[in-house]
Amino acid sequence: LECGFIKILTLVASSSEVKTTDGLMKGFSMKPQNDDFELKKAAWTTLIGLAENDAMRQVMIDVGLLTALFDYVKPNDSVCSVEWTSAQYEELQLQALSSWKHSRRCVWRSI
């Protein structure tokens, strides 16, 4: 957290769902390409794995990662700025639900 890597990773993981004015994200955008898709999945997996950490949970809340995960709980008519393929979107939905299952325990424990 001190070096800002977690914040950058969280911004990347939620960039297509949560609008930010953070200068770190200037000029960054995801496209429905396999590399960006895999980056999003890897970022989510890494961040949710770190959700046990109090400071990490706060970054997830502040940057909007949890809000971004909520975008995938509904059908593929979301306001996401990336037009994922149906298969990609379905896989992101499954990962978002799994992430919510894990992060729910961590977030509620901190409240």
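Some notes on this structure:
- Any hit, the range 30-49, residues being modelled with pLDDT under 80, open to solvent by 60 Å² or more (accessible area, probe 1.4 Å) and in contact with a Ser or Thr (Cβ under 9 Å, 6 or more places away or on another chain): no
- Total residues in the range 87-104, condition under 13 Å from residue 37 (Cα atoms) and either open to solvent by 90 Å² or more (accessible area, probe 1.4 Å) or modelled with pLDDT under 80 (or both): 1
- Inter-residue pairs, beta-carbon under 8 Å, first open to solvent by less than 80 Å² (accessible area, probe 1.4 Å) and in the range 67-86, second at pLDDT 75 or above and among the acidic types (Asp, Glu), 6+ apart: 68/17; 71/17; 78/17; 78/71; 80/17; 80/71; 81/17; 82/36
The values are calculated or read from the model by the stated rules, or taken from the named source; none is laboratory data. Because the structure is a prediction, the values reported are computed rather than measured. FYI the Cβ positions are ideal-geometry reconstructions off the backbone, even for glycines, and counts take in every protein chain you see. Side chains included, ligands, DNA and RNA excluded: accessible areas come from the protein's heavy atoms. Shrake-Rupley method; radii C 1.70, N 1.55, O 1.52, S 1.80 Å.
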